[in-house]
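Notes to accompany the following structure.
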Amino acid sequence: MEVQILCTKLIKPSIPTPPHLRTLKLSPIDQLKYPIKAAILLYYSTDGSTGSTEEVERRRMDRLETSLSETLTRFYPLAGRYIKDGNWVDCNDEGVEFFVAKVKGCRLSEFLSRRDEMIDQLSHLAGGEFTSPVVSIQISMFDCGGLVMGFRLCHYLFDAFSSISFITSWASTARRRRGGGVRMDEGVIWPTFGMASILPLPANDSDLLNKMKPMPCLRELITAFPRQPSRVEVVTALIWRARMRVSRAKHGRLRTSVAAHSMNLRPRIVPPLPPWSFGNLQSRVMARFTAAESGGNTEVPVPVPELKVLVGLLMDSITKSKETIVGREDVFPTLLRTRNELNEAAEKGEADLFMFTSWCRFPFYQMDFGWGKPVWLSRIPWAYQSTFLLDAEDGDGIEAWVCFNKQNMPLFLQDEDILPFTSKPNPRSKI
């Protein structure tokens, strides 16, 4: 597969940003995020449009560019530039980076049928990882009429909720320009920026930033819980257990471990935030398993806990977190405390830290730009060792993107809990 960049341009807001909105100060929470541009890829099959391939592609690009320009009027900071020295965004309307690319030597259907082999090629479908724009978008067109929309979104400004709000609003604007009975207000989102003023630092903790520290049917196995465990909880426990076995093989003993899962803070904040509050408002929920001492007998390995034990630990942590209400003035101290607890666990090296993020139930598969809904959603694997959970394309099951180093990955794939999902004729068997 060869990906050729045809053109690169900057898409600016259709209406200039007024002077009083030209500066967006990042909240202390945004400043905690890593300086990366996370990737999201949406895959679309041919929509049956009439006309030559060139004509169909031109109409699509015109509609995407025009609707993006209109959307940026509401999401104006995304067309600006991040100023590192002052931790703010200059909303100068320089524009979103927009790539148009052509994919040669492969049809989309062939790509999807071989997607396991194509993992290393995904980065070619989402350009702009190291460029200065806050948002970079690449449209990669296949000769068959299919296309991939690759998004690079600066983590200083985006969490999953914010990503959804931007892409949903753009998709709605694009559909409306095509017509077809879409209401003028359907899917239109007016985000709220300025979390730095909505969630200020507590009066007595202005130096908090300086305190930051560096950085198998499963259902049959889960019984006797006060509520039915979610599929994310079960899959997380399954992978947690497998990673514990890998750690035991590496260290020669079972170690204490922490499973840290992302959670949207917005529903827990009081008073409630304005609708579609934009920025980073995700915390980490931590479930801890404390390994028992082996009593000096190293010949008999301590067994890993049963799956239901880990599910119970996760359920307890998540339930307690959801029931905890956080005042606006406590949001940043809460996030900072969680971050430092994670960093301390990693620094001491006495426990294994396993990071999980779930985008399950987020409506990425509803993102219709006027040529149907995506047939697949993917991320681009990070070097950072973590696990990312996504809905499978048919809505039945979860795709787990597990990042491991090359030495440990074979042990993980051969784990007795994981093997049933990787040894079938289709290597992408869903959990």
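The values are calculated or read from the model by the stated rules, or taken from the named source; none is laboratory data. This one's a predicted model, so the numbers in the text were calculated from it and none came from an experiment. Quick reminder, even Gly has a Cβ in these numbers, built from the backbone with ideal geometry, and neighbours come from all protein chains shown. When the accessible area is computed, the model is the full protein with side chains, heavy atoms only, and any ligands, DNA or RNA have been set aside. Shrake-Rupley method; radii C 1.70, N 1.55, O 1.52, S 1.80 Å.
Computed quantities for the displayed model
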{"quantity": "Accessible surface of region 42-99 [probe 1.4 Å, protein heavy atoms]: carbon and sulfur percent", "calculated": "45 percent"}
{"quantity": "Solvent-accessible area per residue for the chain (1.4 angstrom probe, square angstrom)", "calculated": "46 Å²"}
{"quantity": "Per-residue ³J(HN,Hα) for region 271-288, Karplus 6.51 cos²θ - 1.76 cosθ + 1.60, θ = phi - 60°, Hz, x for Gly and Pro", "calculated": "x, x, 6, x, x, 6, 5, 9, x, 9, 9, 10, 10, 10, 9, 10, 10, 10"}
{"quantity": "Exposure rank, largest accessible area first [406, 25, 84; 1.4 Å]", "calculated": "406, 84, 25"}
{"quantity": "Under 5 Å, built H, 5+ apart or other chain: amide partners of residue 135", "calculated": "97"}
{"quantity": "Antiparallel DSSP beta bridges within the chain, as percent of all bridges there, nearest 5", "calculated": "70 percent"}
{"quantity": "Amide hydrogen neighbours beyond the local backbone of residue 88, cut-off 5 Å, H modeled", "calculated": "26, 83"}
{"quantity": "Residue-by-residue Karplus 3J(HN,Hα) for region 324-329, coefficients 6.51, -1.76, 1.60, Hz, glycine and proline x", "calculated": "8, 8, 10, x, 4, 6"}
{"quantity": "Accessible surface of region 285-406, 1.4 Å probe, proportion on carbon and sulfur as whole %", "calculated": "51 percent"}
{"quantity": "Charged-residue dipole, Cβ positions (Lys, Arg, Asp, Glu), region 231-371 about Cα centre, Debye nearest 20", "calculated": "200 debye"}
{"quantity": "For the chain, the spread of Cα positions along each principal axis, largest first, Å", "calculated": "71, 60, 38"}
{"quantity": "Scattering curve values for region 374-424, log₁₀ I(q)/I(0), Debye with Cα scatterers, q = 0.24 Å⁻¹", "calculated": "-1.06"}
{"quantity": "Charge dipole (debye, nearest 20) of the chain; +1 at Cβ of Lys and Arg, -1 at Cβ of Asp and Glu", "calculated": "260 debye"}
{"quantity": "All-pairs Cα distance distribution in region 241-391, expressed in whole percent, bin size 10 Å", "calculated": "9, 31, 32, 20, 7, 2, 0"}
{"quantity": "Note, ³J(HN,Hα) from phi for region 400-405, Karplus 6.51, -1.76, 1.60, rounded to Hz, x at Gly and Pro", "calculated": "9, 9, 9, 9, 9, 6"}
{"quantity": "Enclosed volume per residue, in Å³, of the convex hull spanned by Cα atoms of region 1-126", "calculated": "144 Å³"}
